[in-house]
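One structure below.
The values are calculated or read from the model by the stated rules, or taken from the named source; none is laboratory data. The shown structure was predicted, so the numbers you read here are calculated from the model rather than taken from an experiment. Cβ atoms come from the backbone with ideal geometry, glycine included; neighbour counts cover every protein chain shown.
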Amino acid sequence: MHPTVANSTPLNFETTDQFILTVRVTDNSSPIPNTADATVVIDLENVQEGAVLTIPIPQGTFHIGSDPAFVSPDATFTYDDVSNPNYAGARLTVSIVAGRGKRDKLSVFKKGDGNNEIDVKGRRIYFNGELIGKSKGGRGNVHPDLVITLTGSATTAAVDNLVRRINFRAKTDVGTTRTVTMQVTNIGGVDSNIATRDIAVVN
């Protein structure tokens, strides 16, 4: 028996939630083979695949005395499972989970206030002129993690831009590698994966 499928495209609930298959069996009878058909109905259930945060290059370098540098200028964020996710109350958390120096700092870089650009005014973060979040922490022992609480105006495109605008700066502890993580949590109860990058601090 050698079954074949007319359309081998992966099943996707967001595109089609039900498939109707016709199964045909044919024997080797001669001169006319016997054929029988049966119908199979497949109902798909939606599964939350979750948001995906990607840092393609897992290592980086920061030189003491230089300006703050991006944690991951090539980072990307996608959330294809929901067409219009609700980001109100979701959080982007950036942490130095290993090797943190006492004067290390995490912040959001101000790129500009034009189309598809992140703009920072104090602790307020804007994208395309819309307030998408407020930041807290990023330095010291009390609030070492940079936590950005998103608003309902945030979109997947805004968060995708934001993850590339995270800055890192170190002033001490040369020779110690910092392990930095990023995660977006509570997108309507859904969390992204944790993405990681190691940053070597050198002279």
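Computed values, structure above
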item: N7 vs. criteria modelled with pLDDT under 85, surrounded by fewer than 10 Cβ atoms within 10 Å (Cβ to Cβ), farther than 30 Å from T172 by Cβ and over 37 Å from the mean Cα position of the chain (by Cα); result: no
item: Some residue of the range 137-147 being in contact with a Phe, Trp or Tyr (Cβ under 9 Å, 6 or more places away or on another chain) and on the phi < 0 side of the Ramachandran plot; result: no
item: Hits in the range 138-190 - residues which are over 22 Å from N203 (Cα atoms), of a type in the set (D, E, K, R) and part of a strand (DSSP E or B); result: D145
item: Selection status of G175, at positive phi, at pLDDT below 95 and surrounded by fewer than 21 Cβ atoms within 10 Å (Cβ to Cβ); result: no
item: Members of the range 85-139 that are among the aliphatic types (A, V, I, L, M), touching a Leu at 6+ places or on another chain (Cβ under 8 Å) and under 15 Å from N167 (Cβ atoms); result: L92, V94, I96, L106, V108, I118, I125
item: Matching option when the condition is within 30 Å of F19 (Cα to Cα), modelled with pLDDT of 95 or more and surrounded by 15 or more Cβ atoms within 10 Å (Cβ to Cβ), among V82, V108, V52, V94; result: V52
item: When residues of the range 54-88 are limited to those that are outside any loop (DSSP other than H, G, I, E, B) and of a type in the set (V, I, T), the one farthest from F109 (Cα to Cα); result: T78
item: Filtered residues of the range 89-115 (kept if touching a residue at least 60 places away in the same chain (Cβ under 8 Å), assigned to a loop (DSSP other than H, G, I, E, B) and either touching a strand residue (DSSP E or B) at 6+ places or on another chain (Cβ under 7 Å) or at positive phi (or both)); result: G89, A90, G99, R100, D104
item: Tabulated pairs, the range 127-153, first over 28 Å from G99 (Cβ atoms) and hydrophobic (A, V, I, L, M, F, W, C), second modelled with pLDDT under 95 and surrounded by fewer than 17 Cβ atoms within 10 Å (Cβ to Cβ), C-beta under 8 angstrom, 6+ apart or interchain; result: F127/N116; F127/E117
item: Failed item, numbered, when T149 is tested on (1) loosely packed, with under 15 Cβ neighbours inside 10 Å; (2) out of contact with any helix residue (DSSP H, G or I) (no Cβ under 9 Å at 6 or more places or on another chain); (3) among the polar types (S, T, N, Q); result: (1)
item: Members of the range 10-38 that are of a type in the set (A, V, I, L, M, F, W, C), part of a loop (DSSP other than H, G, I, E, B) and at pLDDT below 80; result: L11, F13
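Yes/no per residue for (1) under 22 Å from D191 (Cα atoms); (2) modelled with pLDDT of 95 or more:
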| site | (1), (2) |
| --- | --- |
| R124 | no, yes |
| N128 | no, no |
| I132 | yes, yes |
| S135 | yes, yes |
| D145 | yes, yes |
| T156 | yes, yes |
| D160 | yes, yes |
| N167 | no, yes |
